[in-house]
Every structure is written in structure tokens, then in C-alpha cells.
Amino acid sequence: MIISFISQKGGVGRSTLARATAVEFARACKKTHLADLDSSQQTSAKWAERRDNTGIFPVVETGVYRRHDVALKAASNYPCLIVDTRPFVDISSLDIARQSNLVVIATGTSLDDLEPSLLLGRELVHKGIPHNRLFYVVGKAPSQAEGRSAIQTISAWQFACATSFIMFKPGYSIALDAGYSITETSWKTLNLRARNVISEISVRVSSHP
């Protein structure tokens, strides 16, 4: 199973979602590998290193890849491959999307984030990615109202979207800086909201093998 996390812009929570998904799948005893394709910033890989140094369980096996085809080969060794792509979709991202069981498109709530993300979904469908393999997740919502509004906009474009969304909360950043995921913060309410999102991703990929 391959789940890829894609975004047309940086800073919308793509890597955050990929890391949380990897953690929760590993916690569910699914042998999981997190492939970080952003070899310049290595956001997920550096986070995994912090996690390892602190001894946080579960361990999230992570690798940095310059070539997407090499990363995809890891799928043969793991029941679940989580791919954290580079910001700004390119040919490699398209190839990854074609081979993914689920493509999660991360987006913020502003029009500056939503419009490129929605156009990305339309382009992926145009390039032959099945519509039902695309799944939007709204992140960094400044308020409940803005999160719900973003979901309504995505639904109006006829794309599937998680009904839960990630709020913009300092607690998430604090957790990530310490090597934890957004499902492992010190605040139960933040963990519950994040886990609800990951649960929707899990259900979606299970229903579209």
C-alpha cells in the first residue's frame, strides 16, 4: 500500500500529515516506511532523527530519497509506504500519484492555498489519476468556521475531503519540534482531532485498495 502526500505549495501541512500517518500506522503494528523526497530540506527525516534520539515509540523508519523511483521500490519491503513529496508538483510527483493507492492533497484555508490545490486535483485527474484516489485534508485552519468553509469549497469542486481538519495550534509545533507527531501532543483535544483526520485517511485508503 502506498499513500502519497502532495501539495502545490509549502507550509500547508503536507509533511505534518505524512508523519502523523506514519506514526499511527506504525502504532497499529503495520510495518511502515516514511520516504522523504525533499532531499534539500529533509523535514521528515530530521524529525525522525529527533524522534530516534529521544527514544519515542513507535519507531518510524524513514529514508531520504533523491529519486522517486528508488523510493517507490521500498514498497516491496513494507506493507505500507508513506511518501512525503516535495512542494510544487513535478513529473516525479505525478508518477508517484499514479502508483499510489491514495493521494492525500494537503491544503490551507485561504484562497491562496485552496485554488492551487483544487487546480492540482483537476490536473491530476486530467493526467489519468482516478478521481476516487484523491483525498483532500485541510490543515492549519485559523478557526472552526474557516476550516468548515474550506471543506465546503473542496466539496463544491466534487473532490472527497476529510470532514475533520487540523487547527492552527502552537501545541502541534511544540510536539513536532520534539520529535512527536500531531497525534502525540501533550493536549488530548489536539491529539483527538489529529487522530480523527488520520482515521479518515486510513478508512479512505482501505475502501480504495
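The values are calculated or read from the model by the stated rules, or taken from the named source; none is laboratory data. All of these numbers come straight from a predicted model, not from anything done at the bench. Every residue, glycine among them, receives a Cβ derived from its backbone with ideal geometry; neighbour counts consider all protein chains shown. Surface accessibility is based on the protein's heavy atoms, side chains included, excluding ligands, DNA and RNA. Shrake-Rupley method; radii C 1.70, N 1.55, O 1.52, S 1.80 Å.
At a glance:
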quantity: Subset of the stretch 151-173 that is surrounded by 14 or more Cβ atoms within 10 Å (Cβ to Cβ) and within 24 Å of N53 (Cα to Cα) - its residue that is nearest to the chain's Cα centre (by Cα); calculated: Y172
quantity: Selection count where residues are within 19 Å of A97 (Cα to Cα), among the polar types (S, T, N, Q) and in contact with a helix residue (DSSP H, G or I) (Cβ under 6 Å, 6 or more places away or on another chain), scope the stretch 1-43; calculated: 6
quantity: Residue selected from the stretch 28-67 under the condition out of contact with any His (no Cβ under 9 Å at 6 or more places or on another chain) and of a type in the set (S, T, Y), by the criterion surrounded by the fewest Cβ atoms within 10 Å (Cβ to Cβ); calculated: S40
quantity: Residues within the stretch 37-70 that are in contact with a Lys or Arg (Cβ under 9 Å, 6 or more places away or on another chain) and part of a strand (DSSP E or B), tallied; calculated: 2
quantity: Wholly within the stretch 76-185, helices (runs of 4 or more DSSP H) carrying at least 3 residues that are over 30 Å from I56 (Cα atoms); calculated: 91-99, 111-126, 144-156
quantity: Checking D113 against (1) of a type in the set (D, E); (2) open to solvent by 80 Å² or more (accessible area, probe 1.4 Å); (3) touching a strand residue (DSSP E or B) at 6+ places or on another chain (Cβ under 9 Å), the condition it does not meet; calculated: (2)
